[in-house]
């Protein structure tokens, strides 16, 4: 069997690194070192394999080494996909006073959406746990990203939807001519239908998957916002809410229950919402949820699946860490962890490479 994996990274002018190269010989890697040496920065650089601004969600300008802002920055990621060695270069360059990000797959420019046809990434840190629980927007973004891995066309559709919604808001604010609203509404409806077709398809297939695959580490219940309404009725409700919005001149926003970008799912454990669980319970719930999603998605489409967990020993003990790595190995996932601790774990966990970052 040909194993696909990330095999190395080379970063230039990125965060506190002028230049740094690492090779990943094993399927599982622990980055170890003191605080502020750049362990999390390396995990963040890997997370750019997913569209967006990395798992820190920071401004792109902040990732460039402050001593050489004019030089921009780059991340070179090397990977093996079904026995074929490939490279992805991400370039951050200033153009007309704005920082632009470009992706080059084997030296050919590609849209960031194409990353989702090759990789699927999941990350976890203490900050992610807090955001996932307390910030609805962060949770929606995380859930939508998972659904985009299921069908990468959703990424483009959600962007189209957001663009049309912005255009509609601009019309409400700048003109009394409502004829433009009809044109935008006619464009919105087929986009919304396509978005919800994908989300309903995801719901049906994941529910079937869970029948044969009980929760991995921690029992949880996943409830879809749209599970009690048909796709046809959802579209009718969306159109009705949109008409109300038009009649009110934009003063009444769309009901979030029928907003396709917000129609995702929520998590609970034994009838207790995630935001009411203990810190330990919520961590295990999120981790179990991510691992189940990764297993499901890898069965649907065999992509390079990567887990990133920052400060692993702040989040999980050695027993759960071992379980995570064993689960990742069993399902052919690749994992990267960071830690400041000097635990002796090499003998306890097989196929784990420890890299000291200085």
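The values are calculated or read from the model by the stated rules, or taken from the named source; none is laboratory data. Quick caveat, the model's predicted, so the values are computed rather than measured. Positions of Cβ are generated from backbone atoms using ideal geometry, with glycine treated the same way; all protein chains shown enter the neighbour counts.
Structure notes:
- Residue match in segment 31-49 (condition: touching a helix residue (DSSP H, G or I) at 6+ places or on another chain (Cβ under 9 Å), farther than 20 Å from residue 102 by Cβ and in a strand (DSSP E or B)): yes
- The single condition from (1) surrounded by fewer than 18 Cβ atoms within 10 Å (Cβ to Cβ); (2) under 25 Å from residue 313 (Cα atoms); (3) within 16 Å of the chain's Cα centre (by Cα) that residue 122 fails is (1).
- So residue 159, is it free of Cβ contacts under 8 Å to residues at least 12 places away in the same chain, within 27 Å of residue 334 (Cβ to Cβ), in a helix (DSSP H, G or I) and not assigned by TED's automatic domain parsing to the domain that holds residue 309: no
- Residue among 315, 331 that alone is over 19 Å from residue 143 (Cβ atoms), crowded, with 19+ Cβ neighbours inside 10 Å and in contact (Cβ under 8 Å) with a residue 24 or more places away in the chain: 315
- Just one residue in the set 236, 270, 247 is at pLDDT below 90 and farther than 24 Å from residue 155 by Cβ; that residue is 247.
- The set of residues in segment 198-222 being farther than 12 Å from residue 289 by Cα and either loosely packed, with under 13 Cβ neighbours inside 10 Å or not assigned by TED's automatic domain parsing to the domain that holds residue 294 (or both) consists of 204, 207, 208, 211, 212.
- Members of segment 63-77 that are at pLDDT 90 or above and assigned to a helix (DSSP H, G or I): 63
- Test for residue 127: is it closer than 18 Å to residue 308 by Cβ and in the same structural domain as residue 317 (by TED's automatic domain parsing): no
- Number of residues in segment 258-289 that are without any contact (Cβ under 8 Å) to a residue 24 or more places away in the chain and closer than 27 Å to residue 236 by Cα equals 1.
- Residue count for segment 79-134 under the criterion of being outside any strand (DSSP E or B), over 19 Å from residue 298 (Cβ atoms) and touching a strand residue (DSSP E or B) at 6+ places or on another chain (Cβ under 8 Å): the result is 5.
- Subset of segment 235-245 that is surrounded by 17 or more Cβ atoms within 10 Å (Cβ to Cβ) and in contact (Cβ under 8 Å) with a residue 24 or more places away in the chain - its residue that is nearest to residue 168 (Cα to Cα): 242
- Taking (1) surrounded by 15 or more Cβ atoms within 10 Å (Cβ to Cβ); (2) farther than 26 Å from residue 150 by Cβ; (3) touching a residue at least 24 places away in the same chain (Cβ under 8 Å) in turn, residue 91 satisfies each apart from (3).
- Subset of segment 1-14 that is surrounded by fewer than 20 Cβ atoms within 10 Å (Cβ to Cβ) and part of a loop (DSSP other than H, G, I, E, B) - its residue that is modelled with the highest pLDDT: 3
- Of the residues contained in segment 173-190, one or more are found to be surrounded by fewer than 16 Cβ atoms within 10 Å (Cβ to Cβ) and in contact (Cβ under 8 Å) with a residue 60 or more places away in the chain.
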